[in-house]
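Just below is one structure, and these are the notes that go with it.
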Amino acid sequence: MVTPRTIRALGLLDLVLVIALLVAAVAYLTNDGRPAAGPTGDVSAVAQAPTPTAAPTADTAFALPSGNIGCAMTVDGVTCSIASIAYKKPKVEGCSGTTGHVITLGTQGAAWACVEGKKPSVASPETPVLQYGSTRSVGDYTCTSATDGVTCTDGGGTGFRLARASWDMLP
C-alpha cells in the first residue's frame with residue numbers, strides 16, 4: 001500500500017537525484033566532456049556527482065533526526081543536502097548558483113555541487129530517519145549520523161563531514 005509518507009520520501013529522493021543529475025550535466029558541459037578536476041583547496045572544488053546505475057530504494061535515502069540534512073546513497077556514491085548552514089559557503093569554480101548546500105562523494109572523491117534554483121529545504125517528516133549513532137552502508141560507501149552532523153566515506157576513508165556549523169573534507 002502506497003502511503004502519503006512513502007510518496008513524500010520518494011519525492012525527496014527524486015529531488016536529490018535530479019540535483020545530482022544537474023550537477024553531473026554542468027560538470028560535463030563546463031569541461032567540454034572531459035572529467036572535471038578534483039578539489040583545488042580547502043574551500044574550492046568542482047562538483048563531481050555520483051552517477052547512479054540503478055534506482056535506489058527507500059532504504060538508501062535518509063535524513064538526520066533534525067531534518068536539516070538528508071542523503072541519498074547508491075553503489076556509485078552519496079549525495080547529501082543541508083537546508084540551514086552557519087558556515088562560509090565554499091566556492092565552486094564557474095558556479096553562478098548556490099553552493100554550500102549539496103555535497104557529493106563518488107569515485108572522484110568529495111566535492112561541493114553548484115545548485116541552480118532554490119536551495120534544499122528540510123527533509124519531509126516521512127523521510128526515513130538515520131538515528132544519531134547509527135550507520136548506513138551501500139556498496140563501498142558508509143554514512144554515520146551523529147548529533148554534530150553526518151560523516152560519509154568510501155572504503156579508503158575519503159569523504160566528508162557535514163554539519164550546520166561546519167564541514168570538512170576527509171581524510
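Taking Lys and Arg as +1 and Asp and Glu as -1, the other residues whose beta-carbon sits under 12 Å from that of Leu170 total -1.
Shape class for region 99-171, computed from the alpha carbon gyration tensor (a ≥ b ≥ c): oblate, with a/c not under 1.5 and a/b at or below b/c.
Scanning residues 5 or more positions from Leu170 or on other chains, those with amide H under 5 Å from its amide H are Gly159, Phe160, Arg161, with H placed 1.01 Å from N in the peptide plane. Neighbours of Gly157 by Cβ distance under 14 Å: Lys/Arg scored +1, Asp/Glu scored -1, total -2.
Values in this text are rule-based calculations from the coordinates and carry no lab data. Since this is a predicted model, take the numbers as computed values, not measurements. So basically every Cβ, Gly included, is an ideal-geometry build from the backbone, and we count neighbours across all protein chains shown.
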